Amino acid sequence: MANKDFMDPELTEEEKRETILANEDDYLEGLLAAADDAANDTKKIDIIRNERRYFSFSIHSLTDEMLKDIRKKYTKYTKNRRQGIRVADELDMPKYRASLIYNSTTKLWDNPAVKKGLEAKGICIINALDVIDAVLLPGEKDRIMDIIDDVNGFNNEELKAETAKN
């Protein structure tokens, strides 16, 4: 019985409980290890153009609450006339992406010397999101967004495979 899956429909409720209790330490160890991994998972990103490395930075995962707040901040809402409620209308995708990048990285985008240098080049910089827009190319932002999704667990192929199997 120990090698049977506890979700096996042929097991009785008592057998399922016994299997879970017998493997409880493994489950706890796995849960705690997953929490540590989630908290410490970072990825290094190199910005390379024409075989020249310009700079590097690391990104980390965001909490569900942070992701929700960022999406809400850059979503335009309109009032539905029939129902009288606000509904999401449009997402300001460039600002949303820049905000995800900003919040997933260390605050290198806030450097006053970078802001001053970009302004000297005639680029209007109001905040760190403007620095991101000025420094990163659209394709680079797309690739960074893919990495942010990976760090946040959205592109987890193993999870997708298990979900599809069950």
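Residues with amide H under 5 Å of residue 23's amide H, sequence separation 5 or more or different chain, H placed in the peptide plane at 1.01 Å from N; which?
none
Give the Debye-formula value of log10 I(q)/I(0) at each listed q (0.14, 0.15, 0.17 Å⁻¹), with one equal scatterer per alpha carbon of the stretch 9-118, two decimals each.
Debye output, listed in q order: -0.85, -0.88, -0.97.
Just to verify a number: what accessible area does residue 65 come out at with the full protein assembly present, 1.4 Å probe, Å² rounded to tens?
100
Under the Kirkwood approximation for Rh and a Cα-based Rg, what ratio Rg/Rh is obtained for the stretch 59-141? Provide the component values of the computation, followed by the final result.
On the way: Rg = 15.7 Å, Rh = 14.4 Å.
Taking Rh as the inverse mean 1/r over Cα pairs, Rg/Rh reads 1.09.
What is the set of long-range amide H partners of residue 91 at a cut-off below 5 Å, with H atoms built 1.01 Å from backbone N?
Residues meeting the criterion, in which the H sits 1.01 Å from N, are 76.
Within the set of other residues whose C-beta is less than 15 Å from the C-beta of residue 119, count the net charge using Lys and Arg as +1 and Asp and Glu as -1.
So the environment of residue 119 carries a net charge of 0.
The values are calculated or read from the model by the stated rules, or taken from the named source; none is laboratory data. Being a predicted model, the structure only gives us computed values, none of them experimental. In this analysis, Cβ positions are derived from the backbone assuming ideal geometry, glycine residues included, and neighbour counts consider all displayed protein chains. Please note that ligands, DNA and RNA were not included when accessible areas were found on the heavy atoms of the full protein model with its side chains. Shrake-Rupley method; radii C 1.70, N 1.55, O 1.52, S 1.80 Å.
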